[in-house]
Amino acid sequence: SRNNPGNANVLIRESTFSENSSGSDSGAILNDGATEMLIEQSAFFANSSSGGGAITNAGYNGDTPSITVANSTFSGNLAVYAGGAILNDSSGDGKASANLIHNTFTDNTSDEKGGGISNVSFDPTSQSVITMTGNIIANSPSGGDCYNQDGTIVDGGFNLVEDGSCGFSPAGDPLLAP
């Protein structure tokens, strides 16, 4: 699903996105443009793409997309380049903002960067910011749980990232595996 109608507001609630794929950005949801999107109580399973296996939030060429994802589950998503579950990226004066609240990320994979989440600012004039509160990110088979390239990841508290790659404390196994 692609969303870029300008200054739109989008609400997605109690939805499941499963086994979607794309050869480019985002297997399930691509949010770009100047859109505000809220996703609540949803599940993302086995989606795949080159970047942002489940979700890509992209601020390019002055765009300012904002996404909030709350009380949702991401499992088994795959990205070839970055962001097995979520890719938040920007370039060319763009600003991409993601607010992640009380989500679980497990068994998501990126062949290169950020099996769980990836936050990338491609040039000095762009900004990518992720604020995380009360999330669990664990069991990322490759790419690490978090990856940050010239962006900002803000710790809103109460996060548990198994491999410590988001830079938050504490890190450790949340015992999600059977």
Accessible solvent surface per residue of the chain, calculated while the other protein chains remain in place, 1.4 angstrom probe, Å²: 41
Treating only Lys and Arg (+1) and Asp and Glu (-1) as charged, each at its beta carbon, one finds that the range 75-178 has a dipole about its Cα centre, in Debye to the nearest 20, of 200
What is the sum of charges, Lys and Arg at +1 and Asp and Glu at -1, for the other residues whose Cβ falls under 10 Å from the Cβ of Ser42? -1
Restricting attention to the range 8-78, which GluC sites (Glu not before Pro) occupy a DSSP loop and are surrounded by at most 13 other Cβ atoms within 10 Å? Glu14, Glu19
If you count only protein heavy atoms and use a 1.4 Å probe, how large is the accessible surface of Thr133, to the nearest 10 Å²? 40
Summed side-chain charge close to Cys166 - residues other than Cys166 whose Cβ falls under 12 Å, Lys, Arg +1, Asp, Glu -1: -4
Report in % the part of the accessible area of the range 80-178 that belongs to carbon and sulfur, leaving out ligands and nucleic acids; probe 1.4 Å. 53
Reviewing [x] -0.43; [y] -0.24; [z] -0.32, the figure for log10 I(q)/I(0) by the Debye sum over Cα atoms at q = 0.09 Å⁻¹ actually calculated from this model sits under [y]
What ranking of Thr56, Thr68 comes out by heavy-atom accessible area, probe 1.4 Å, highest first? Thr68, Thr56
Could you give the length gained by full extension between Ser15 and Gln41, i.e. 0.36 nm per residue of separation minus their alpha carbon distance, to one decimal place? 8.6 nm
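The values are calculated or read from the model by the stated rules, or taken from the named source; none is laboratory data. In this text, all values refer to a predicted model and were calculated from it rather than measured experimentally. A quick note on method: Cβ atoms are made from the backbone with ideal geometry, for glycine too, and the neighbour counts reach across all protein chains shown. Surface areas here come from the heavy atoms of the whole protein model, side chains and all, with no ligands, DNA or RNA. Shrake-Rupley method; radii C 1.70, N 1.55, O 1.52, S 1.80 Å.
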